Amino acid sequence: MKPQVFAYHDPSSVEEALELLARHGPGAKVLAGGQSLLPLLNLRLARPEVLVDINRIDSLDYLAEESGWLRVGARVRQRWVERDPAVRRAVPLLAEAVRYVGHVQIRNRGTVCGSLAHADPAAELPAVAVAVGARMVARSRAGAREIPAEEFFTGPLSTALSPDELLVEARFPCSPPGWGWAFVEVSNRHGDYALCAVAAGVCVADGRVRDARLAYAGAGPVPVRLPQAETALREGWPLEDALRAACSEARRLLEPEADIHASADFRRHLAGVLTERVVRLAYRRAVDGAGGARA
Amino acid sequence: MATRWLGSPIKRNEDPRLLVGQGLFVDDVQLPGMVHAAVLRSPHAHARILRIDARRASQHPEVLLVLTHADLPPALKEPLPKLIPHPDLKHHKTQYALAPDKVRHVGEPVAFVVATSRAAAEDALELIEVDYDPLPAVVDLEEAAAGRPALVHEDIGTNVAAHSVQRVGDYEAARARAHLVLARRFVVDRGCASPIETRGVVAQWDPKARQLTVWDSTQAPIPIRNGLAALFGLAQKDVRVVAPDVGGGFGPKIMMFYPEEVLVPLAAMRLGRPVKWIEDRREHFLATNHERTQIHDAEIALDQDGRILGVRTVFLHDAGAYIPYGLIVPIVAECTLPGPYRVPNYHAEFRAVFTNKTIVSPYRGAGRPHGVFVMERLLDLAARQLGMDRAEIRRRNFIQPHEFPYDVGLIYQDNAPLIYDSGNYPAALERALEAVEYDRWPEQKARYRAEGRRVGLGFACYVEGSGIGPYEGCRVTVEPSGKVFVATGVGTQGQGHFTSFAQVVADALGVDVQDVHVVTGDTAAFGWGTGTFASRAAVVAGSAVHLAAKAVQQKALQVAATLLEASPEDLELADGYVRVRGAPSRSVSLGEVARAANPLRGVIPAEWEGPGLEATRYFAPPRGTFSHGVHAALVEVDPETATLRFLRYVVVHDCGVVLNPLILDGQIHGGVAQGIGGAFFERLVYDGSGQLLSGSFMDFHIPTAVEIPEIEVHHQETPSPLNPLGAKGAGEGGVIPVPALLAQAIEDALDDLDLEITQMPLHPDALFHLIQAARRRQP
Amino acid sequence: MRIEGNETLHAPRDRVWALLDDPQALAGCTPGLEELRPVGPDEFEAVLSIGIAAVRGTYKGKLRITERTPPLRYGVQVEGSSAAGFVRATGVLELEDQGVQTGVRWSGDVQVGGALTLGSRMIPGIARMLASQFFQCLDRKLQEGAA
């Protein structure tokens, strides 16, 4: 388990990194926390010619709340997001879900943007990004562009980034008042990829669901948002009926793949079960005015 | 004998060294000029090798040696040695150092490359061209037994390596008069040990001294030495095998030979340079032995009071591609099945079957979990049918404390009669039931149910064969410094021998346990022995240590008697001194005694049996000794997500006299964790073409501290009459009953569903489908 | 690993069949196909370069047309190997006449060996993504042809 020979660069500025990506195209890979890339390298499943290590780029190491958005730079470790009280307040769903990513040791190295760019369909953070409507800031030598999360994930391990682009920042909208958020997951062990996970937000006024967001991990080739289930929550009443309708939409519409850990019908079943659990939790938090903060 | 040390929960002598990273594992061996090996392994489960072209690899600038089967010396072209023959093992097919013309499992070695670095060696592997002609893979065990879809070894005309039957009494007659006969099929699937240290070998050949030194992460350094000497035509004294610190063995490292264990020494001798090979985790999943797959068609016959009249099990054992280790696992399975119960009529019959999968040899439990799963499940299901309490059916069938020695009527893995030496089975169950408040369980369960929680209580009983022969030995030496050195042939893979053996010696010689230095697993330090397996090291080697220490004690008294001008009977050993009882000022240190025992001039009395304060003794038990225990647990099941949480876990454990309760607790904790892993989390998943699809820690899920509950251990001590320590083995008891317990607990948690669990391991998807099927069956 | 799916191609069945029956047209739509050389009736040597994220590989192997029942069923078998392992796949397409358009029911069985087995969790999803790219490309070609 030794990687094939590759050239290694550790630029100290974004410009330098973009220059390297432009020069080497698809032969280059960006190394951030390395929690997915290094195993792939050692197994020789990934054989990039060039590794562009962004860990020396200090300008990518920021976590800031700014005009209604939480901006997460490409070098921000998951552990930072997990522990920062501002994140818990601004994007409680992110703070809750990040704890399901691997273990502390992994989150100490792994980055939020790295997890998003890796685009594992069973990973937690891509589902969060889709649920809250995050935006990905991609830069290349040609300039910068923002990609909505729902357009960013194009397939298993595949994103809208072109080979010369670097995901420099992920922007998560701060939770508006009246919303409650929750994340639930079933995995074999704590820290594994989800057999199924659901990220949810509901906006509650006068006890009724006014708006909802639902996104699923482990339930398709990309993190899947389910507008039909959201509509069912918005339009159904009483809550129990709305929940029943949303769960049945989830079971009807999701098309998960089978793998060695879970059959497609188990995943569909879980999607229904977890939809109910996650919405109840988010609803309670919205009503309590707790947002998504865990005790 | 004062027992200041034995029985005390003292901390381990070896831990400070290990915890600060000063252990010596095989990969820590660094030698000048050392080069590195990598193995080309078959990507196919079953294929003919049409052509191997290694020219491009040989031309790689950093490559020193490329070996294929054609390049091996005649002795290594043959299949590697047969380990444990058995009259019923008709086709004792063993693995090759490198595959000659056919590969029989994914991961089988095809070529071996040595280069200046491991990375270069791996680069060179990619330059070797092998043309394979894939053959249908033999994956399904029942199909394999029927010879479909292919033969793993064509020359024998069958996939069945062995057919074996053992009988006690007359099962058919018992069945004919039974009130209830209950038959089920039980399926146990593959598992593997996953030691934290994978295998590794370093070899160094000194052509002038004609001395071969091999560091090997093995459980059996002495047999490896003997085998290497035979294969390479060397004297045993010219081969030294060191199993230094070993990061977990659990059985698979008792195997001999893994191909790399002969290829690395061969390469070192050809190149005249030290060669290192360290197995990576991916290789480990494919190339280190597995265990566990068996399909049992089992039946129990009972009278109307729930007394067992007889049991029958007819089972298939998946041997994998070769069967070097013989029939140990299925024999242990059939011999463990009767457990703590009187089974007057028993029919056990198995076929060991070749498949195109990794080789099978014992892994912690080694057939015992299968036997216990079948027996405990039969009792649970029978109790349900009889409307009897599951504890009561066990109470009615236990062998009673006054019935020992109890002859089960079978022949065990050591070819000796299966005779339980001692035990107290009813007491262990009552203690476990008391710990989990079994008598109040119905109310407790109802309370959980009222909270909307599904919690089940499960328990399972087992008897663990351990401490088998043939023998182990030990040399105890007191040096003039007063320090005590102990050498034994067994290796240590984390069992704490550096401490428990030291405790035995410290008590005999009256020294501090930290002044006793134990060496294990180095053939240069002690050259006789068989290895650490079958929960035998503490029992067999521990007894040899005891005998040697007692001999040194006697000699110390004799020598000191001359020095102190006293009678040996008036002397005692304490605090590193031999002193006159009642007159402690008249004393001499052990170091002085050691010096006096090895004089430069003068006469050594004949009764000293030679010079030095030293003795070597061997212990050869007549047969194995039998530990036993009961596990009980509370398990919460989420029927909607098909996931589990252990709320409580209690172990009542009887391994005779406890040498060190702290080490013993560690053994049990680790075993339970490994048992839980093997029962619900870890799975070796093969596809229809014989590819392992879960061959990394991404998909093979070893439970972590999050999944493993606190484990309460209760020690019951029923000494063994078969050895001077009264000890019994403790290596496997943590693992053995977990599948049986988990099945019972899940059924109890979901008792409204009338679930029957007859397969292991489970995992969420399997449990989900069981629950769905049970729901569909409901009116 | 078995996967299956349904697609709709926006052309009548005869035209779809004609396209499927033309190896070169087929080659143009097979994701990552770099070379396709006929070596016998219905048998080709192929070089594919497939990359999903960092996992890229060049696979050399064979493509065989195993069934051709105009205009109903079409079967292919592909096998290729790279340094990371090998892939063997069989696929069957069934065409359903829907007037101006054609329904395609497809199913495939994918087997992998070597290090690729470590990605088994991803393989059905990736295979489906590649299949979907293939059908999108076919549909584009059909619509271009109609224009």
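The values are calculated or read from the model by the stated rules, or taken from the named source; none is laboratory data. Please read these numbers as outputs of a predicted model, since none were measured by experiment. Neighbour counts are summed over all protein chains in view; Cβ atoms, including those assigned to glycine, are modelled from backbone coordinates with ideal geometry. All accessible areas refer to the heavy atoms of the entire protein, side chains included, with ligands and DNA or RNA removed. Shrake-Rupley method; radii C 1.70, N 1.55, O 1.52, S 1.80 Å.
The charge dipole of the stretch A:196-236, taken about the Cα centre with unit charges on the Cβ atoms of Lys, Arg (+1) and Asp, Glu (-1), comes to about 60 debye, rounded to the nearest 20. Across q = 0.15, 0.18 Å⁻¹, the stretch A:7-53 modelled as identical point scatterers on its alpha-carbon atoms has Debye log10 I(q)/I(0) values of -0.35, -0.50, in the order of the q list.
The stretch C:89-131 and the stretch B:405-423 have their alpha-carbon centroids 57 Å apart. In units of the compact-protein estimate 2.2 N^0.38 Å, the stretch A:194-288 shows a Cα radius of gyration of 1.03. Kirkwood's formula applied to the C-alpha pairs of the stretch A:238-288 gives a hydrodynamic radius of 11.7 angstrom. Overall, the accessible surface of chain A at a probe of 1.4 angstrom is composed of carbon and sulfur to the extent of 49 percent.
Treating only the Cβ atoms of Lys and Arg (+1) and Asp and Glu (-1) as charged, compute the dipole magnitude of the protein assembly as shown about its Cα centre; round to the nearest 20 debye. It would help to have the intermediate numbers written out before the result.
Working: 128 positive and 147 negative charges, 124 e Å.
The dipole magnitude comes to about 600 debye.
Using the Cα centre of chain C as the reference point, and only Cβ charges (+1 on K/R, -1 on D/E), how large is the resulting charge dipole? Debye, rounded to the nearest 20.
Details: 16 positive and 18 negative charges, 92 e Å.
Approximately 440 debye in magnitude.
Packing, as the average of other Cβ atoms within 10 Å across residues, places the peptides A:78-86, B:249-257 in the order B:249-257, A:78-86, highest first.
Evaluated at q = 0.13, 0.15, 0.17 Å⁻¹, a Debye calculation over the C-alpha positions of the stretch B:469-619 (equal weights, vacuum) places log10 I(q)/I(0) at -0.55, -0.72, -0.88.
Would you mind getting the Kirkwood hydrodynamic radius of the protein assembly as shown from its Cα pairs, rounded to one decimal in Å? Walk me through the numbers before you get to the answer.
Details: mean 1/r = 0.0301 Å⁻¹.
About 33.2 Å, per the Kirkwood formula over Cα pairs.
Counting only the Cα atoms, the stretch A:62-173 fills a convex hull of 92 Å³ per residue.
Seen from A:Leu270, the other residues with C-beta closer than 12 Å to its C-beta sum to a net charge of -2, counting Lys and Arg as +1 and Asp and Glu as -1.
The value given for chain B is a Kirkwood hydrodynamic radius of 27.7 Å, derived from the mean inverse Cα-Cα separation.
Note on the stretch B:546-600 and the stretch A:27-95: Cα centroid distance 69 Å, given to the nearest whole angstrom.
From most to least packed by mean Cβ count within 10 Å, the peptides B:131-137, B:206-212, A:121-127 give A:121-127, B:131-137, B:206-212. Computed log10 I(q)/I(0) for the stretch A:1-150 at 0.11, 0.18, 0.21 Å⁻¹: -0.43, -1.15, -1.47, from the Debye equation with unit scatterers placed on every C-alpha and solvent omitted. Over all Cα atoms in chain A, the spread is summed up by Rg and Dmax: 19.1, 62 Å.
In percent, what relative contact order does the stretch B:84-167 have, based on Cα pairs under 8 Å that are 6 or more apart in sequence? Walk me through the numbers on the way to the answer.
Working: 56 pairs, mean separation 25.2, N = 84.
Once normalised by length, the contact order is 30 percent.
In the context of the full set of protein chains, residues of chain B present 34 Å² of accessible surface per residue (probe radius 1.4 Å, heavy atoms only). Between chain B and chain A, roughly 2400 Å² of accessible surface gets buried, counting both sides and using a 1.4 Å probe. Taking the square roots of five times each eigenvalue of the Cα gyration tensor of chain C, the equivalent ellipsoid has semi-axes of 26, 16, 14 Å, listed largest first.
Look at the dipole of chain B built from charges on Cβ: of B:Ala508, B:Pro639, B:Gly310, the Cα furthest out on the positive end belongs to B:Ala508. Inter-part distance, the stretch A:221-277 to the stretch B:465-532, computed on C-alpha centroids, equals 62 Å. Listed by chain and number, the lysines placed with their C-alpha closer than 19 angstrom to that of B:Lys90 are B:Lys82; residues fewer than eight positions away on the same chain are left out.
Which entries of B:Lys77/B:Lys208; B:Lys208/B:Lys237; B:Lys483/B:Lys555; B:Lys102/B:Lys357 have Cα-Cα distances beyond 20 Å here?
Details: B:Lys77/B:Lys208 27 Å; B:Lys208/B:Lys237 15 Å; B:Lys483/B:Lys555 16 Å; B:Lys102/B:Lys357 14 Å.
With Cα atoms farther than 20 Å apart: B:Lys77/B:Lys208.
To test your reading of the geometry: what angle, between 0 and 90 degrees and rounded to tens, separates the Cα axis of helix A:239-253 from the longest principal axis of chain A? Once rounded, the angle reads 40 degrees. Per the Kirkwood formula applied to alpha carbons, the stretch B:243-315 shows a radius of gyration over Rh ratio, Rg over Rh, of 1.33.
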